[in-house]
Amino acid sequence: MQRAIAAAAVLLVIASAANAQTFEKKNFNYSKFAKGAFSEVVTVTGPAKMIYLAGIGSEDEDDGSVRHKDDFLAQCRFAWAKIGKLLKEHGATVGDIVKATTYVTDIRYRDEMRSCRTEVFKGHPLPPHTLLNVVQLARPGMMFEVDVVAAVAK
């Protein structure tokens with residue numbers, strides 16, 4: 001009987017410790033070239049809600065038509081504005097993003113993409129980021145698309 005009570009007490013302490021664990025997100029850079037461009041590593045510790053967004057581009061929310069054809073920077077800004085709205089719906093901001101993957105149809109837009117990201121993340125650490133050059137995106141005329149993962153404390 002005493003062993004059962006002791007075992008129950010130990011389980012209660014372990015459960016309490018797990019529930020008391022705090023949420024923490026940390027950004028790290030180890031390579032000089034990455035500083036100011038993206039975080040190489042983000043760690044998330046503790047109870048968290050993970051938010052996964054599908055690829056977001058310049059599609060109009062109502063009819064799916066491509067907005068801002070032939071204007072890469074406008075497409076980038078429009079997509080990130082949509083991401084901001086979606087994250088807000090789930091209690092997050094761009095500062096809570098722990099991973100981003102960007103797809104562009106022409107690598108020559110890299111500098112514009114970086115400028116756009118700098119605007120979006122002003123005042124927040126840059127998350128780990130992967131940039132991919134692809135032949136085409138989901139709809140003709142799309143030049144930019146990004147998918148993100150965010151984490152917030154529960």
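The values are calculated or read from the model by the stated rules, or taken from the named source; none is laboratory data. Nothing here was measured: the structure is a model prediction, and the numbers come from that model. Cβ sites come from the backbone with ideal geometry, for glycine too, and all protein chains shown count toward neighbours.
Just so you know, in the stretch 37-61 the residues that are among the hydroxyl-bearing types (Ser, Thr, Tyr) and in a loop (DSSP other than H, G, I, E, B) include one that is surrounded by the fewest Cβ atoms within 10 Å (Cβ to Cβ), and it is SER39. Checking each residue in the stretch 19-38 for being polar (S, T, N, Q), out of contact with any Lys or Arg (no Cβ under 9 Å at 6 or more places or on another chain) and within 16 Å of PHE121 (Cβ to Cβ) picks out only ASN27. For the stretch 103-124, a tally of residues being part of a helix (DSSP H, G or I), more than 14 Å from the chain's Cα centre (by Cα) and among the hydrophobic types (A, V, I, L, M, F, W, C) returns 3. For the stretch 52-103, residues that are acidic (Asp, Glu) and closer than 22 Å to PRO128 by Cα total 1.
Here's the yes/no breakdown for (1) within 21 Å of SER115 (Cβ to Cβ); (2) touching a strand residue (DSSP E or B) at 6+ places or on another chain (Cβ under 9 Å); (3) of a type in the set (Gly, Ala, Ser):
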site: TYR30; (1), (2), (3): no, yes, no
site: GLY36; (1), (2), (3): yes, no, yes
site: VAL42; (1), (2), (3): no, yes, no
site: THR45; (1), (2), (3): no, yes, no
site: LYS49; (1), (2), (3): no, yes, no
site: SER58; (1), (2), (3): yes, yes, yes
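Considering (1) among the hydrophobic types (A, V, I, L, M, F, W, C); (2) modelled with pLDDT of 95 or more; (3) under 28 Å from TYR30 (Cβ atoms), the lone condition that MET142 does not fulfil carries the number (3). Examine the stretch 88-103 for a residue that is of a type in the set (Asp, Glu), farther than 21 Å from PRO47 by Cα and at pLDDT 95 or above, and state whether such a residue exists. For the stretch 88-103, residues of a type in the set (Asp, Glu), farther than 21 Å from PRO47 by Cα and at pLDDT 95 or above: absent. Applying the criterion of being in a helix (DSSP H, G or I) and not hydrophobic (A, V, I, L, M, F, W, C) to the residues of the stretch 78-102, the residue that is surrounded by the fewest Cβ atoms within 10 Å (Cβ to Cβ) is GLU89. Contact map, the stretch 126-154: residues that are farther than 20 Å from ALA37 by Cβ paired with residues that are part of a strand (DSSP E or B) and of a type in the set (Gly, Ala, Ser), Cβ distance under 8 Å, separation 6+ or inter-chain. Pairs shown: LEU137/GLY57; ALA138/GLY57; ARG139/GLY57; MET142/GLY57; ALA151/ALA48; VAL152/ALA48; ALA153/ALA48; LYS154/ALA48.
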